[in-house]
Amino acid sequence: QVQLVESGGGLVQPGGSLRPSCAASGSIVDIATMSWYRQAPGKQREWVALTSRGGITNYEDSVKGRFTIASDYVKRTVSLQMSNLKPEDTAVYYCKIVTATSALWGQGIQVTVST
């Protein structure tokens, strides 16, 4: 059974950086896209960034210029370099991998931006 395992979250001060990563274990083929989402307390889960197998990347407006998504379709990993973090970036971050036949989610990892 395929699992997505996330790491690299934590507590950081405003203006700081973090780099959550996500790795797929088990057999997974035909990956189409890899994405990151986040869910802040009391809010709905929202999309943050996406990378496609064809090399397209896209970002939610509030993170453009601050976050960078990187993926390796052979190693089946995706990371999110987050810089100049703000308190409003505080959330549980989830990776998502979409294949031709399924959509897989990680378990979520906490990112807290606070003094």
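Computed values, structure above
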| quantity | calculated |
| --- | --- |
| Test result for Thr57, open to solvent by 60 Å² or more (accessible area, probe 1.4 Å), polar (S, T, N, Q) and in contact with a strand residue (DSSP E or B) (Cβ under 7 Å, 6 or more places away or on another chain) | yes |
| Qualifying residues in the stretch 6-31 (those that are loosely packed, with under 14 Cβ neighbours inside 10 Å and aliphatic (A, V, I, L, M)) - the one farthest from Gly106 (Cα to Cα) | Leu11 |
| Any hit, the stretch 71-80, residues being small (Gly, Ala, Ser), modelled with pLDDT of 95 or more and open to solvent by less than 20 Å² (accessible area, probe 1.4 Å) | yes |
| Of all residues making up the stretch 60-69, the number that are surrounded by 15 or more Cβ atoms within 10 Å (Cβ to Cβ) and not charged (D, E, K, R) | 4 |
| Criterion (closer than 16 Å to Gly8 by Cα, modelled with pLDDT of 95 or more and surrounded by fewer than 14 Cβ atoms within 10 Å (Cβ to Cβ)) met by exactly one of Gln44, Gln110 | Gln110 |
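The values are calculated or read from the model by the stated rules, or taken from the named source; none is laboratory data. Everything numeric in this text was worked out from a predicted model, so none of it was measured. So basically every Cβ, Gly included, is an ideal-geometry build from the backbone, and we count neighbours across all protein chains shown. Just the protein is used for accessible areas: all its heavy atoms, side chains included, with ligands, DNA and RNA removed. Shrake-Rupley method; radii C 1.70, N 1.55, O 1.52, S 1.80 Å.
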